[in-house]
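Quick one: this structure, given as structure tokens, is what I'll be asking you about.
The values are calculated or read from the model by the stated rules, or taken from the named source; none is laboratory data. Bear in mind that the values here come from a model prediction, so they are computed numbers and not experimental data. Here the Cβ positions follow ideal geometry from the backbone for every residue, glycine too, while neighbour counts run over all protein chains shown. Surface accessibility is based on the protein's heavy atoms, side chains included, excluding ligands, DNA and RNA. Shrake-Rupley method; radii C 1.70, N 1.55, O 1.52, S 1.80 Å.
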Amino acid sequence: MSPYALSMLMSSLAVGTIITMSSHHWFLAWMGLEINTLAIIPLMTKMHHPRATESATKYFLTQATASALILFSTTINAWMTGEWTIMNMTNHTPTVIFTLALAIKLGIAPFHLWLPDVLQGLNMLTCLILSTWQKLAPMALMMLTSHQLNTNLLIAMALMSTIIGGWGGLNQTQMRKIMAYSSIAHLGWMILVISFAPSLALLNLFIYLVLTSSMFLMLMTLNSTNTNKLSISWLKTPTLAASMMATLMALGGLPPTSGFLPKWLILQEMTKQHLGTLSALMAMSALLSLFFYIRLSYTISMTSPPNISNSSLTWRKKKNLTYVIPILIIMSATMMPITPTLLLLN
């Protein structure tokens, strides 16, 4: 792809997200979401592969459906209230339609089926953008309207997302599908607490972006797209393979990594809201995700081939790591000790 076209598409992605996050009018927010969707589709199809075309088609259809539902719900809300302000969504019917539309856009269960298939047909860079940057605009709208959304519907979708996100990743060998199910599970934790404590949902989103970005950048550096290629990553870059194990443990939520921080705070908040049974179910569903993260760590560390890999000498190639990866790895592993500071910022 031409650098000029790439810069224009990336600029459109940024502009669309900023328009949605800074708007107070429903039509402007919808327009920003549309700019986002139309800007990423050429990035999806730049590989000129049938799987990439299929992924772009699935993504376009699901996002167009969600955008139509958002426009429909906001039109009904404007008809009932007489204004297009984002903060004024008080009627039950448009609120439920709007919540379902955002769930489709984010890939929250039970509207998650498009996400693993779409990610599997894309390259790692586009997967990184789709899993991180594309979540910002819908999550911003959800946080703006969090005090008006149906709490019972959010809790049901959150519990379903964490269970399906953990269960779906158990039998996967493709890293992109594993990261897709990981994204579904993390989004479940975010929408669980968003109506009770939006600041905790924002903290969870920030840590999710750090962990997912570091994971995808390491997979891009090691050129690992499945568990078989991951098993020889120790021969390529031992330090990066060890760092990937720490990031996987952070994604699973093990202390003292950064991933334990949001889960601990969310379970504490749910207990304060007298939702002990829900907290127990969420904690048990997190064990499903933790299992396949531990399985990946086992693949990296303990399934190295007994002899030297003869696959085109990829393990001899020295790759220049950017400065971004070490910073993200350090943040992934060491954000837990600064918990009091983060809570004061919230």
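Within the stretch 2-52, count every residue that is without any contact (Cβ under 8 Å) to a residue 24 or more places away in the chain, open to solvent by less than 80 Å² (accessible area, probe 1.4 Å) and among the β-branched types (Val, Ile, Thr).
Qualifying residue count, the stretch 2-52: 5.
Moving on to the next point. State which residue is surrounded by the most Cβ atoms within 10 Å (Cβ to Cβ) when the search covers only the stretch 164-183 and only residues that are farther than 18 Å from Ile294 by Cβ and of a type outside the set (S, T, N, Q).
Ala180
Inspect all residues belonging to the stretch 186-199 and state whether any of them is open to solvent by 40 Å² or more (accessible area, probe 1.4 Å), touching an Asp or Glu at 6+ places or on another chain (Cβ under 7 Å) and assigned to a loop (DSSP other than H, G, I, E, B).
Taking every residue of the stretch 186-199 in turn, at least one turns out to be open to solvent by 40 Å² or more (accessible area, probe 1.4 Å), touching an Asp or Glu at 6+ places or on another chain (Cβ under 7 Å) and assigned to a loop (DSSP other than H, G, I, E, B).
Checking the structure you have, find out if any residue of the stretch 172-180 is in a loop (DSSP other than H, G, I, E, B) and either of a type in the set (Gly, Ala, Ser) or more than 14 Å from the chain's Cα centre (by Cα) (or both).
Looking only at the stretch 172-180, we keep the residues that are in a loop (DSSP other than H, G, I, E, B), and these are 172-173.
Retained after the next criterion (residues that are either of a type in the set (Gly, Ala, Ser) or more than 14 Å from the chain's Cα centre (by Cα) (or both)): 172-173.
The answer is yes, given that some residue of the stretch 172-180 is in a loop (DSSP other than H, G, I, E, B) and either of a type in the set (Gly, Ala, Ser) or more than 14 Å from the chain's Cα centre (by Cα) (or both).
All but one of (1) open to solvent by 40 Å² or more (accessible area, probe 1.4 Å); (2) touching a helix residue (DSSP H, G or I) at 6+ places or on another chain (Cβ under 7 Å); (3) within 20 Å of Tyr181 (Cα to Cα) hold for Ser301; which doesn't?
Every condition holds for Ser301 apart from (3).
Which of the residues that make up the stretch 216-233 are more than 20 Å from the chain's Cα centre (by Cα), part of a helix (DSSP H, G or I), touching a residue at least 24 places away in the same chain (Cβ under 8 Å) and buried (at least 20 other Cβ atoms within 10 Å of the Cβ)?
Result: Leu230, Ser233.
Could you please give the count of residues in the stretch 123-174 that are touching a residue at least 60 places away in the same chain (Cβ under 8 Å) and more than 24 Å from Thr20 (Cα to Cα)?
Of the residues in the stretch 123-174, 12 are touching a residue at least 60 places away in the same chain (Cβ under 8 Å) and more than 24 Å from Thr20 (Cα to Cα).
Hey, could you check the stretch 200-215 for residues that are touching a residue at least 24 places away in the same chain (Cβ under 8 Å) and open to solvent by 30 Å² or more (accessible area, probe 1.4 Å) and say which is nearest to Ile178 (Cα to Cα)?
So the residue we want is Leu209.
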